[in-house]
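Note sheet for the following structure.
The values are calculated or read from the model by the stated rules, or taken from the named source; none is laboratory data. Worth saying up front: this structure is predicted, and the values here are computed from it rather than measured. Heads up, the Cβs are rebuilt from the backbone with ideal geometry, glycines too, and the neighbour counts pull from every protein chain shown. Protein only, heavy atoms only, side chains kept; ligands, DNA and RNA dropped before computing areas. Shrake-Rupley method; radii C 1.70, N 1.55, O 1.52, S 1.80 Å.
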Amino acid sequence: MSDNRPIGVFDSGVGGLTVVGQMREILPHEDLVYFGDTARVPYGTKSKETITRFSIENVEFLMRHDVKLVVVACNTASSLSLDFLKRCFKVPIIGVIEPGAKAAVGSTRNGRIGVIGTAATISSGAYEKAIKKIKPDSSVFTGSCPLFVPLVEEGWADKKVSGEIASIYLSPLKKKRIDTLILGCTHYPILKNVIRKVMGGRVLLIDSAKEVAKEARLILDSCGLLNRAQDKEPVYKFFVSDEPGRFVKTAERFLKKRINCVRRAE
Ligand code: DGL
């Protein structure tokens, strides 16, 4: 069986392209429709009601493109609205929380897991709940790192200031003797080197973007929805809710690739 419909991915903005980058590696034959809600970003400071309302609209937009699976790339939207989305729509929908939690539990040796994310993700307790569901005796330590998102979008990941800010945010987690740290926000994989430097080589970093791409592959495969036609380049369509210019610039940095097809969603 083969299904050549595209996969839909949405995020609050450009950050979900870390998920797209991983999907390009892990699902190289799948077409993709990406929606970045650039007019309403950030989600990380907003309420559950607002994020859920935005997320419903984002899925409705993707459904108009006849997607076979929806990937909620945004950690904040996954934390706060995934359960509701799953109840509202028939299309399979997956988020980043469970795959990230599963990978962390599978990797930890001492059962002490750290999670970093936006303020909304952290205060939702979603990662903690997902981890404890799999491994109830684990100890979970969390922290929000709100300045990481603007640092990445500004292209400052390699500047000294990023290291200084990371060290302020992460030093409380370092003291907790965690051996695994979930990068629970779309932007944080871009800061992997900086975070690794602060946390030390012994702490394993879990990239939720990579884990959700692996999960998407598993689900498509088990539902007979993979695109088995391997004879053409996949088509990626990008849509944003605000003017595309800034998105294109940041997107090319995220994907290390030229992007020419970004449209404003109608
Ligand atoms: N995409 C968001 C997340 O992964 C980060 C940016 C935002 O706050 O909207 O949580």
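Quick notes
- Subset tally (residues that are more than 16 Å from the ligand (Cβ to nearest atom) and open to solvent by 20 Å² or more (accessible area, probe 1.4 Å)) for the stretch 26-38: 4
For (1) away from the ligand (no atom under 11 Å from the Cβ); (2) open to solvent by less than 10 Å² (accessible area, probe 1.4 Å); (3) part of a helix (DSSP H, G or I), each residue gets a yes or a no:
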site	(1), (2), (3)
1	yes, no, no
10	no, yes, no
21	yes, no, yes
40	no, no, no
59	yes, yes, yes
62	yes, yes, yes
83	yes, no, yes
109	yes, no, no
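- Any hit, the stretch 87-97, residues being crowded, with 21+ Cβ neighbours inside 10 Å, touching a Phe, Trp or Tyr at 6+ places or on another chain (Cβ under 6 Å), assigned to a strand (DSSP E or B) and not hydroxyl-bearing (Ser, Thr, Tyr): no
- Meets criteria (under 19 Å from the mean Cα position of the chain (by Cα), free of Cβ contacts under 8 Å to residues at least 24 places away in the same chain and at negative phi) for residue 218: yes
- The residue that is nearest to residue 221 (Cα to Cα), among those in the stretch 64-77 that are in contact with a strand residue (DSSP E or B) (Cβ under 6 Å, 6 or more places away or on another chain) and open to solvent by less than 10 Å² (accessible area, probe 1.4 Å), is 69.
- When we screen 255, 204 for residues that are within 18 Å of residue 103 (Cβ to Cβ) and either at pLDDT below 95 or crowded, with 17+ Cβ neighbours inside 10 Å (or both), the only hit is 204.
- So residue 214, is it under 27 Å from residue 255 (Cβ atoms), basic (Lys, Arg) and buried (at least 19 other Cβ atoms within 10 Å of the Cβ): no
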